[in-house]
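Notes follow the structure.
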Amino acid sequence: MDAQEVRQFLPENLPPELPKMTLEEFLESDLEGYEYIKGELVPMPPTSVEHGYISVNLSSLLHLYVRENQLGRVLSETGFRVGERVLIPDIAFISTDRIPIDPSKASPVPPNLTAEVASPSDTLHRIQEKVFAYLEAGTQLVWVLAPRAKTVTVYRSETEITILTRNDTLSGEEVVEGFSCQVTQLFE
């Protein structure tokens, strides 16, 4: 994305050049719609309707299960400190013992599980960079949902990766123990 493309997503109150700030300054700021990666503010463009459908399908199923079993919280579009980054997964699960004391700011700890719905503007490199940053910071399970292929790629580590298709069952494994759903349900 070049500078002109970035400017079209900036709120009107920000200057055309993105301000430089430290991780601590970003965490204390009230800037929304940005991730903080390697000292840079990265705008998060609006998502598509299809992206919204898929996100709600997964978050609804996961939220109901987590709430019923009192396992923690399911969050959407929430900032998490992930090493020296602040990332905003589409969906995240954070267990009861990791829920932040101050919910008015980004979480100082990474989620137990994240789910990202791939957008047409995402590159494989960008997605994998985020996935591996989550895993390195302590996230135990990352799901990447690919709308076009209707698949879910499950990352447990940099080497333990599984691709699920429409006929498969997505499982919360030991992270959200007992949760499962058909992959096809996510793309309805």
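What follows is calculated from the coordinates using simple rules that are stated; it is not laboratory data. As the structure is a computational prediction, the values presented were derived from the model and not from experiment. Note that each Cβ is placed from the backbone with ideal geometry, even for glycine, and that neighbours are counted across all protein chains shown.
Listed values, structure above:
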| read-out | value |
| --- | --- |
| Among Phe93, Phe26, Phe80: highest mean-square fluctuation, GNM of the chain, C-alpha pairs under 10 Å | Phe26 |
| Cα-based helix-to-principal-axis angle, 124-137 vs the chain, degrees rounded to 10 | 80 degrees |
| Eligible lysines near Lys20 by straight Cα distance, threshold 17 Å, same-chain separation 8 or greater | Lys38 |
| Between 0 and 90°, nearest 10: helix 49-68 axis offset from the chain longest Cα axis | 60 degrees |
| Ellipsoid equivalent to the chain - semi-axes via the Cα gyration tensor, in Å | 27, 20, 15 |
| Label-to-label distance, nm, for residues given as Thr123 and Glu173 (7 Å Cα→Cβ offset) | 2.8 nm |
| Rg and Dmax [Cα atoms of the stretch 144-188; Å; Rg one decimal, Dmax integer] | 10.5, 30 |
| Label-point gap, in nm, between Ser180 and Ser60 - each point 7 angstrom along Cα→Cβ | 2.2 nm |
| Choice from Gln128, Gln70, Gln140 showing the highest fluctuation, given a GNM over the chain with Cα pairs closer than 10 Å | Gln70 |
| Gained length - Ile161 relative to Ser76, 0.36 nm times residue gap less alpha-carbon distance | 28.3 nm |
| Label-point separation, Glu136 to Arg148 (7 Å along Cα→Cβ), nm | 2.7 nm |
| Ellipticity estimate at 222 nm from DSSP helix runs (n ≥ 4, -39,500 (n - 2.57)) divided over the chain, nearest 500 | -7500 deg cm²/dmol |
| Highest average packing first - 172-179, 155-162, Cβ atoms within 10 Å | 172-179, 155-162 |
| Residue order, fewest to most surrounding Cβ atoms within 10 angstrom, among Tyr34, Tyr53, Tyr134 | Tyr53, Tyr34, Tyr134 |
| 19 Å reach of a label modelled at Asp102, 7 Å along Cα-to-Cβ, counting backbone N of the stretch 53-86 | 78-86 |
| Sequence-separation-based contact order of the chain, relative, with Cα cut under 8 Å and 6+ spacing, percent | 15 percent |
| Relative exposure of Arg67, Arg148, Arg85, judged by other C-beta atoms within 10 Å (fewest first) | Arg148, Arg67, Arg85 |
